[in-house]
Each structure stands twice: as structure tokens, then as C-alpha cells.
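Undergrad: For reference, the structure I am asking about is given below.
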Amino acid sequence: MNILLKQLVSDGALLWQGLYETIYMVLVSMGIATLFGIPLGVAVVVTEPDRVLENKKVNFVLGAIINVARSIPFIILMVAIIPVTRLLVGTSIGTTAAIVPLAVAAIPFIGRVVENSLKEVDPGVIEAAEAMGATPWEIIIKVLIPEALPSLILGLTLTIISLIGFSAIVGAIGGGGLGDIAIRYGYQRFQGDIMLKTVVILVILVQVIQSIGNWLANRLNRAA
């Protein structure tokens, strides 16, 4: 009984540590990606033909960057930017190091999410703002983004869930988190119970995040 109790405590501590590392990786990388991804998506939309800051060359370049970055499989991207990761954080192994490829992968994803959300905004609302003399920046900040906010919330929620999946992949190369626990204990040491527990925790985490995202988007829709 004592041995079983010690094992349960040990497994619990291990899984809590893995959950903490996963949340840490996802939140920090999401914060960085949002910081760069939202302006990227906004820039793609407003530089399109007949938009408030029309610029075909800039639009083409930004669109190409997003398309190229999104076409690279995450596992390849993760390995390809190892020199950059080492330059930024001093190592390519560990939870903090995993944040770099996660953020890089999420930036173009968020850019495309923002682009799609902003394109859903009724053109009539933008035309009304222009007729009232609003500047391009006022249209972006006071019209486009607020009008697209519920859709943006859902898109960012989807991005967080994707990052949770990617965080499990970085565990395969020593990135830490629940993915690392599943590989080291569940797979390599044939501890099926650990593997099952990590899967259950990840499923619950995704469900909680999706529920929060849906609730927040619905709340904003009603407020609008």
C-alpha cells in the first residue's frame, strides 16, 4: 500500500510539473506570436486593393511570408531554427527553448486568422467611418478590430489549441511538458498509465480553453 501511495504521489508530481511546463510554453509563445501576428494580419488586409492603406507590393510580400511560413511542417521548422533558438536563449533543449519554434510557427497562423476575421467585417461599416472622416488608423483601431473581435477571439482560441498540440511534439526532442512525459515514461518505459493520464490531461486542457474562448466570443457578440 505504501509503495502504491508513493507511486501515485510521484506520478501526480510528475504530471503537475508537465502541465505547468506545457501551460508556460503555450502562454509565453502565444503572447509573443500575438504581438507580431496581429499586426501582420492587419497589415495584409489594409494593404489589399481598395483598402484604407492600399499597397500591392507590401501586400504581396506579407502574403508570401505567411504562405511560406505556414507551409513548413512544424517538426522541420523546429529543427531548422535551432541556431536561432540557441542564439536567443542559449540552448536548444528545454522548455524555454521550445518557446522559440512555437512562437515562430504561431505568428503566420495568427496572421491568417486575423486576416480572415477582418475580412468578415461589413464593408458598409468601413465606408460609413470613411464618410465621417476617420483616418486609416482610426478605422483600423476603432472599427475593424472591434467589429472583428468575437471572430478574433475564436481564432486565437484555435491557435492556443494548436500550440498545445505542437508543445507535445517538442517534447519528443527534450522540450519538456506533457509531451516529454508521454514520450519518456509512457512510450520509452512502457508505462501505459502515464501515457493515458497525459492524454486525459491534454483533452481536459483543450476543452477548458475552447469553452472559455466560446464563452468570451459569445459575450462580445451580445455586447455588440
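Undergrad: Tell me, what is the percent relative contact order of the stretch 2-223, built from C-alpha pairs under 8 Å that lie six or more residues apart?
TA: 25 percent
Undergrad: Next question, about the same structure. Residue 116 versus residue 76, label points 7 Å from Cα toward the beta carbon: distance in nm?
TA: Placing both labels 7 Å along Cα→Cβ, they lie 2.2 nm apart.
Undergrad: To continue, here is another question. Chymotrypsin sites (Phe, Trp or Tyr not before Pro) within the stretch 138-193: which are DSSP loop residues with at most 16 other Cβ atoms inside 10 Å?
TA: Those that pass, being in a loop and sparsely packed, are 190.
Undergrad: Which one of 208, 26, 44 has the biggest mean-square fluctuation once the chain is modelled by GNM with Cα springs under 10 Å?
TA: With Cα springs under 10 Å in the chain, the top fluctuation among 208, 26, 44 is at 208.
Undergrad: Would you mind calculating the gained length between residue 50 and residue 130 on full extension (0.36 nm times residue separation, minus the Cα-Cα distance), in nm to one decimal?
TA: Separation in residues times 0.36 nm, less the Cα-Cα distance, equals 27.6 nm.
Undergrad: Run the reach check for residue 57 against aspartates and glutamates, Cα to Cα strictly under 20 Å, same-chain hits fewer than 8 apart removed. What comes back?
TA: Once the sequence-local aspartates and glutamates are set aside, what remains near residue 57 is 48, 115.
Undergrad: Shifting gears a bit: What is the spin-label model distance, in nm, from residue 187 to residue 220 if the labels are put 7 Å beyond Cα along the C-beta direction?
TA: Inter-label distance under the simple model: 3.6 nm.
Undergrad: Right, another one. Could you tell me how many degrees, from 0 to 90 and to the nearest 10, lie between the Cα long axis of helix 95-119 and the main elongation axis, the longest principal axis, of the Cα atoms of the chain?
TA: 30 degrees
Undergrad: Taking the 0 to 90 degree range and rounding to the nearest ten, how far is the long axis of helix 56-71 tilted relative to the main principal axis of the chain, both from C-alpha atoms?
TA: Value to nearest ten degrees: 20.
Undergrad: If R₀ is 35 angstrom, what is the calculated FRET efficiency for the pair residue 141 and residue 211, using the beta carbon separation as r and rounding to 0.05?
TA: 0.75
Readers should treat all values here as calculations from the given coordinates under stated rules, not as data from a laboratory. Nothing here was measured: the structure is a model prediction, and the numbers come from that model. We place every Cβ from the backbone using ideal geometry, glycine too, and count neighbours over all the protein chains shown.
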